[in-house]
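Written out below as structure tokens is the structure these notes cover.
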Amino acid sequence: MRSVPHGREPGDREIADLAGLVERPLLVVGNGPSAAMPRYDVLPADAVVFRMNWFFLESQYHLGRHVDAWFSAVPHADMERRLAEEIRTGRYEVDRLANPVRVSSARVGERNGNPFLGLGLTELDSWAVVAQHPRLARHFMSRPGLPTTGLQALAFGLAVGFRDIHLAGIDLYESKDARYGFTVPEEVQATLREKDLRPGYEDAHSVSTDLAFLRACLTEFPDARITTHCASETLELYLPGPAPLAEGRAMSPETVPLLGRAKDRVVPAGTDADGTVRLEVREVPTADPWAEVEGRRCAYVTVVSGDYHHGARALANSLRTVSDVPLVALCTPDANTTALLASGIHVVDVPPIVNPHTARGTARAGSAAAKVQDRFAATYTKLHVFRLDAWDRLVYLDADTVVLGPVDELFAGDDFAAVPDAGLDLPRGDVFNSGVFAFTPSREVFARMEAVLRTGGSYDGGDQGFLNAFLPSWRALPLEFNTTKRIFAHHAPLFDAEDVRVLHHVGAKPWQPGARGGAYDELDAAWLEHLRPWELRELVQDLRDAAAAGAGGLRAPGADGLGTPHRRAKELASDGRWDEVERVLTTAWATRGATVGEHRQLARAYRHLGRYDESLDQLRRARVLDPRSPQIAKEERNAVLRARYARSGVLPRVMRTLPVGRSIDEAIR
């Protein structure tokens, strides 16, 4: 709890503390998807910055390293401990803590010590100054239904005197696919509840409550100018959008230190006696995620999910032989970012963009439709590259490509350029292959893509069909800039290795197991040469782990799925071999992400082993992947009660034997 000294009015301390800053613009940044990779040319360089909650999980310094005030509305010991460590190690500079509840100090009745001791932070009461305005204060007097943290921070800023305010990352939870603009690590997920991970509002909050509070703020402070930079169509009904700022006044790497830089870079630093590469984490990379080409900030970019970090490693190494321009990897939550960082590849976490043509769960497992869904499930995430307007010009390369010749000339021009599609058939002049393309990033273009994403057509069910339909024109590049391996097998006279600039391993990947004697053995062997020895050792170990798990993870093309980890785990479960269920699934996950069914299977195993907290954790992970499943929601509710009773030492028999799909209430009745 907090209290206000009797000698002063609530909020006076907060107003006095920020009095020297209120003439500057204020940037209030929530944690929605639009907080990642914001449009810098419309954000003022001299803005005071408010961040909140788990913002420090971002992979990049999206708004720089300095934070004027950090807001939280509900105490969370693990979050506070992690933030304190970020500050203590110098990864962020934070001046103030603003919250309605005093930070725990191990007082009587408090379970945790104060992690911020000795850091020199000013602690402010975020509700006290709002209490000076009854119109706003009334919104804090009802439960459920408090405004969310981003709107609370907006009210605080208005109440202390800011009048030029910019909002970013306060997306009113409109995204159906992602809650945050960053990936939540597994160790953090374990400390959160399901409501903190799924897209959409929590039950105790609503868009109506937030909008009512926003309108109250606009009424109370009619002289304020509030601009939205958020991915929220609803907010745009109430607030104006941004306008470009004059040169030198907008955020840029020159005006805001470390803007857009990766927070960590992990690089090889020698080997242990057994040959294992040691990894060293650096707080700030020594290399920029871009290079200047003819005065423009340029980079190569790829997208990585699942086991594609092996491909990205080969791509990055091949690029280094012909170019000094770095590779940036946009990573979905199931990507192995540690492996990428170890290979010196810049990493940006992005939420997946769900392919509207391959909605999860619409095809029968093992069917032809399911195989198409698997193939194209993650491809629409590629569209995030058009948001990267911190760069002036980019060249996109699929992670299954390798570069064999000079390619920096692709940065020339301002248009969209790609290679006509070719493979089994000869090149077609009317369709381009989306595995390699040069382009100028544009947030406006990305916004238009989002607007038609769910209604736009795609002749192949993937991003290639969508982009061909979306882009009105494109410039054709020579075939050597995207030579698919099928040219090698099916049109040999057109393939000359000395002429190829980019080789595209479409179809089965060279890091995946397959029988000898195939048409592409020669190319697959050459691909291996692009891995450094320690990277090759890691690939071999991944393949061995997958083989031990029963042909899972990195599966041979054409496998019928009967040997998948999920199937083997179900067979082991039917025999009551729960420890082996855990071994099979966790070994497979070392090389790829887990499926919903696998999380549920492991939850069942943990329940039978009496590991109730771990069972609950697996169901929460399943819920993140399939947030709309009523069955998973029911299983999770049961698991919550099991874990609670287990911790108290009382676990009724009905709960120990309850079938996974039935609720506890049903069993009791």
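Values computed for the structure shown
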item: Selection within the stretch 192-236 - farther than 24 Å from Gly181 by Cβ and of a type in the set (Phe, Trp, Tyr); result: Phe221
item: Criterion: among the aliphatic types (A, V, I, L, M), under 20 Å from the mean Cα position of the chain (by Cα) and farther than 18 Å from Met251 by Cα - qualifying residue of Met37, Met52; result: Met52
item: Subset of the stretch 141-161 that is in a loop (DSSP other than H, G, I, E, B) and in contact with an Asp or Glu (Cβ under 9 Å, 6 or more places away or on another chain) - its residue that is surrounded by the fewest Cβ atoms within 10 Å (Cβ to Cβ); result: Pro144
item: Among the candidates Ser232, Ser208, residue that is more than 27 Å from Asp349 (Cα to Cα), in the same structural domain as Ser126 (by TED's automatic domain parsing) and more than 17 Å from the chain's Cα centre (by Cα); result: Ser208
item: Residues (over 27 Å from Pro326 (Cα atoms) and crowded, with 18+ Cβ neighbours inside 10 Å) located in the stretch 397-426; result: Ala422, Gly423
item: Leu471 vs. criteria in the same structural domain as Val436 (by TED's automatic domain parsing) and surrounded by fewer than 20 Cβ atoms within 10 Å (Cβ to Cβ); result: yes
item: Scan of the stretch 414-428 for residues that are charged (D, E, K, R), touching a residue at least 24 places away in the same chain (Cβ under 8 Å) and out of contact with any strand residue (DSSP E or B) (no Cβ under 7 Å at 6 or more places or on another chain), ordered by number; result: Asp414
item: Verdict on Ile165 being in the same structural domain as His229 (by TED's automatic domain parsing), in a loop (DSSP other than H, G, I, E, B) and aliphatic (A, V, I, L, M); result: no
item: Pair list, Cβ under 9 Å, 6 or more apart: the stretch 509-529 residue in contact (Cβ under 8 Å) with a residue 40 or more places away in the chain, other residue part of a loop (DSSP other than H, G, I, E, B) and of a type in the set (Lys, Arg); result: Gln512/Arg555; Pro513/Arg555; Trp527/Lys509
item: Options Ala84, Ala159, Ala128: the member that is within 31 Å of the chain's Cα centre (by Cα) and among the aliphatic types (A, V, I, L, M); result: Ala84
item: Residue satisfying all of: in the stretch 287-328; at positive phi and of a type in the set (Gly, Ala, Ser); modelled with the lowest pLDDT among these; result: Gly306
item: Complete set of residues in the stretch 623-657 that are of a type in the set (Gly, Ala, Ser) and either at pLDDT below 75 or over 17 Å from Thr595 (Cα atoms) (or both); result: Ala639, Ala643, Ala646, Ser648, Gly649
item: Any hit, the stretch 14-28, residues being touching a residue at least 40 places away in the same chain (Cβ under 8 Å) and under 23 Å from the mean Cα position of the chain (by Cα); result: yes
item: When residues of the stretch 8-47 are limited to those that are surrounded by fewer than 23 Cβ atoms within 10 Å (Cβ to Cβ) and of a type in the set (Val, Ile, Thr), the one modelled with the lowest pLDDT; result: Val42
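The values are calculated or read from the model by the stated rules, or taken from the named source; none is laboratory data. Please read all numbers here as calculations on a predicted model, not as lab measurements. With ideal geometry, Cβ positions are generated from the backbone for all residues, glycine too; neighbour counts draw on all protein chains shown.
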